[in-house]
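The values are calculated or read from the model by the stated rules, or taken from the named source; none is laboratory data. Computed from a prediction, not measured in an experiment: that's the story for all the values here. Every residue, glycine as well, gets a Cβ built from its backbone with ideal geometry; the counts of neighbours run over all protein chains shown.
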Amino acid sequence: MKHADGSFGTDRLLLRPFTKDDWAGLREIGNDMHASGGAVYDHAWPTSEDGAKAMAERLATRDTFFAACLKDGGRIVGLVAVNDINENGQADLGHMFHTAFRNKAYDTEAVRCVLDIAFADPKVKTVKADNAVDWPEQVAPLVDLGFKETGRGPASFAKDERGKPIEFTACTMEITREDWQARRQSGRS
């Protein structure tokens, strides 16, 4: 359940709206993504101080982007967003976590919490996510939470050193309100 300040959480995480002061945490996640090789599968993340400050200012104006912070110490370890609800009631999920926290299921925990919030909105009928097939760490929490693949196709967000688009295969994964509610009631998510 969301608190009056827009935050919500789990036993280990506080998910809260971004502030302009979150730039250092965003920069750390961006640098980690680039070091992990994941940068070819996503929109460019800022790695400079100025770029990270600009991103933090943009995210601070959006009420659908949440900083995933450790309850113990407050460190930002990820970002989760559910936005762009279309006319068919489909919301778009985005998530990015520091690699040091992926294998500890922080990403799954945060996405689970955000799905509960998303499906509390009666307009949301399905939640979808688009990710690279060859980026299993990004897809794993979605599989764990019951998302099903509904399509594949070419995608490109980054360019190589010569300016040529780096193409990869993306998959669209979705979960319906009914499937989510059934998983939650059965204790599978």
Residues of region 100-158 being among the small types (G, A, S) and touching a strand residue (DSSP E or B) at 6+ places or on another chain (Cβ under 7 Å), in sequence order, are A110, A118, A129, A132, G146, G151, G153, A155, S156, A158
Go through region 112-126 and give me each residue that's crowded, with 18+ Cβ neighbours inside 10 Å and either of a type outside the set (V, I, T) or more than 17 Å from D63 (Cβ to Cβ) (or both). R112, C113, L115, A118, F119, T126
Residues of region 140-180 being polar (S, T, N, Q) and loosely packed, with under 13 Cβ neighbours inside 10 Å, in sequence order, are T150, T169
Residues in region 97-111 that are farther than 20 Å from F18 by Cβ and under 11 Å from the mean Cα position of the chain (by Cα) total 1
Can you go through E109, E137 and tell me which one is part of a helix (DSSP H, G or I), of a type outside the set (K, R), surrounded by 15 or more Cβ atoms within 10 Å (Cβ to Cβ) and touching a residue at least 60 places away in the same chain (Cβ under 8 Å)? E109
Residue satisfying all of: in region 1-23; in a helix (DSSP H, G or I) and touching a residue at least 40 places away in the same chain (Cβ under 8 Å); nearest to C113 (Cα to Cα) among these: D22
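Residues are listed down the side, and each one gets a yes or a no for (1) under 17 Å from G9 (Cα atoms); (2) under 17 Å from the mean Cα position of the chain (by Cα):
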| position | (1), (2) |
| --- | --- |
| H95 | yes, yes |
| K148 | no, yes |
| T169 | no, no |
| I175 | no, yes |
| D179 | no, no |
| A182 | no, no |
If I filter region 24-34 for residues that are closer than 29 Å to W180 by Cβ and assigned to a loop (DSSP other than H, G, I, E, B), do I get at least one hit? no
Kindly check whether there is at least one residue in region 141-164 that is more than 17 Å from W180 (Cβ to Cβ), assigned to a loop (DSSP other than H, G, I, E, B) and in contact (Cβ under 8 Å) with a residue 12 or more places away in the chain. no
Single condition I117 does not satisfy, out of (1) among the β-branched types (V, I, T); (2) within 24 Å of P17 (Cβ to Cβ); (3) modelled with pLDDT of 95 or more: (3)
Every residue in region 54-77 that is over 14 Å from the mean Cα position of the chain (by Cα) and crowded, with 18+ Cβ neighbours inside 10 Å, please. M55, A56
Flagged pairs (Cβ under 6 angstrom, 6 or more apart or on separate chains; first in region 88-105, part of a loop (DSSP other than H, G, I, E, B); second surrounded by fewer than 15 Cβ atoms within 10 Å (Cβ to Cβ)) are G89/K123; R102/E137
